[in-house]
Amino acid sequence: MNNIKFLDLQKINAQYAAELKQAAADVIDSGWFLTGERVASFEKNLAQFNNSKHIIGVANGLDALRLILKAYIDMGIMQEGDEVIVPANTYIASLLAISDNRLVPVLVEPNLQSYNLDIDLIQQAITPKTKAIMVVHLYGQVCWNDKLVEIAKSNNLKIIEDNAQAIGAIFNGTKTGNLGDAAGFSFYPGKNLGALGDAGAVSTNDDQLAERVRALGNYGSKKKYVNEFQGLNSRLDEIQAAFLVVKLKYIDTENQYRRQIAQRYLSEINNPNIILPVPVASQFSPAENKEHVWHLFVIRCEKRDALQNHLAEKGIQTLIHYPIPPNKQLAYKELNHLDFPITNTIHDQVLSLPISPVVTNDEVSMVIQALNSFSA
Ligand SMILES: *Cc1c(COP(=O)(O)O)cnc(C)c1O
């Protein structure tokens, strides 16, 4: 039997083992573990990669989003009770960042083809309390268009990107995480750019916001023992930054490899019971097709659980992103009465196939064969 893991983190990091071990050894020998030169290097390298004016390393992706909103509140741009529009099918962290700041998440249905926020439904969700739209580039696909920008502009809304799943994706020449007013990145080990522990970053071109986020993530302090704001402790540490400096060098190559796997899945899976993801057609660079970095390759099937069992019997591990939508979670009782038919369909039918920089072509062939042999 096969043994195809959904995501083999051991194998992914083994590719760079020598460099990673050296990076860790250098930090240990330096005796300097927080707010040092590795964090500064990673911030500089990521800013260059993303063409962002400011990158601020933080403890994780959730904190990146929390700190952006906290900074806007601290700066008087938002206040408690204000509303933030967010896709109903996102990972719960997007909502947690909003509600933790005593802002109100307003859920909007996704588009069933792209799985991303349906931009055509935003206008009707706007109220006098709406202050921001949080777009999520879900599964690694860009969620952006001119209409989104127009709605934000005409309603004076900030656009915050949850870029946790899409580092490296490009819309019309601009990387995700540099499209809106501010963005949160996650370097959770399973993300396309994964640290060896928790890590995250905020990206923005706004000088004031950048300065405030940096202070708020460091006890509200710009100068040691001088506290201007009531902050948090949410810093990227030197050892994770050192690992990320190594792995950032390979992200484009790894994302390109993911695109190749995705291309094979898209052209070779031909089972009528399986609905393939529909990447947004690239109007800007069709030859390059850089609007997607395939963090996840998500298919749909009405008999999803049977399909997952069929694959498991053949030694192929799959996961569901995500089994329960945020509005049905106990954590959000106040949203439990809401009903989102498209979101429900997605959560009932989606299945994520193995895709990563270390899935081999033979393994991809086996997955395709197993999928095509499934009869509902
Ligand atoms: C992973 C993820 C986050 C949170 O990132 P952490 O680093 O795990 O805190 C937020 N939003 C989305 C869409 C994610 O996938």
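Values quoted throughout were computed directly from the atomic coordinates according to the rules given, and no laboratory measurement underlies them. Quick caveat, the model's predicted, so the values are computed rather than measured. Cβ coordinates were reconstructed from backbone atoms using ideal geometry, including for glycine residues, and neighbour counts include every protein chain displayed.
Compute the Cα gyration tensor for the range 292-376, then decide on rounded, prolate or oblate, letting a ≥ b ≥ c be the square roots of its eigenvalues: rounded whenever a/c is under 1.5, prolate when a/b is larger than b/c in the other cases, and oblate in all that remain.
Working: a/c = 2.83, a/b = 1.91, b/c = 1.48.
Judged from the Cα gyration tensor, the range 292-376 comes out prolate (a/c at least 1.5, a/b above b/c).
Tell me the mean residue ellipticity at 222 nm calculated for the chain from its helices only (DSSP H runs of n ≥ 4, each -39500 (n - 2.57), averaged over every residue, nearest 500).
Helices in the chain give a 222 nm mean residue ellipticity of -11000 deg cm²/dmol.
State, as an integer percentage, the relative contact order of the range 130-280 based on alpha-carbon contacts under 8 Å between residues 6 or more apart.
15
Only loop residues by DSSP count here, and only those with at most 14 other Cβ atoms within 10 Å; note down the chymotrypsin sites (Phe, Trp or Tyr not before Pro) in the range 284-360 that meet that.
Answer by residue number: Phe284.
Could you give me D for the chain, from Stokes-Einstein at 4 °C and 1.567 mPa s, where the hydrodynamic radius is the Kirkwood radius over C-alpha pairs? Units µm² s⁻¹, please.
Taking Rh from Cα pairs, D becomes 61 µm²/s.
When a/c reaches 1.5 or more, the comparison of a/b and b/c decides; with that in mind, is the range 210-302 rounded, prolate or oblate per its Cα gyration tensor? Mind dumping the intermediate values first?
Numbers: a/c = 3.07, a/b = 2.59, b/c = 1.18.
Prolate, because a/c is 1.5 or more and a/b exceeds b/c.
Comparing Leu209, Leu34, Leu67, which has the greatest mean-square fluctuation in the GNM of the chain with Cα pairs linked when under 10 Å apart?
Result for the chain, Cα springs under 10 Å: Leu34 fluctuates most.
So which residue, out of His54, His310, His295, gets the largest mean-square fluctuation from a GNM of the chain using Cα contacts under 10 Å as springs?
Comparing His54, His310, His295 in a Gaussian network model of the chain, the most mobile one is His310.
Kindly put Cys143, Cys301 in sequence by how many other C-beta atoms sit within 10 Å of each C-beta, fewest to most.
Numbers: Cys143 28, Cys301 21.
Listing Cys143, Cys301 from fewest to most nearby Cβ atoms yields Cys301, Cys143.
Just check the range 201-243 against the gyration tensor rule for me: Cα atoms, a ≥ b ≥ c as the square roots of the eigenvalues, rounded for a/c under 1.5, and otherwise prolate or oblate depending on whether a/b exceeds b/c.
oblate
GNM on the chain, C-alpha springs below 10 Å: top fluctuator among Leu353, Leu307, Leu232?
Leu232
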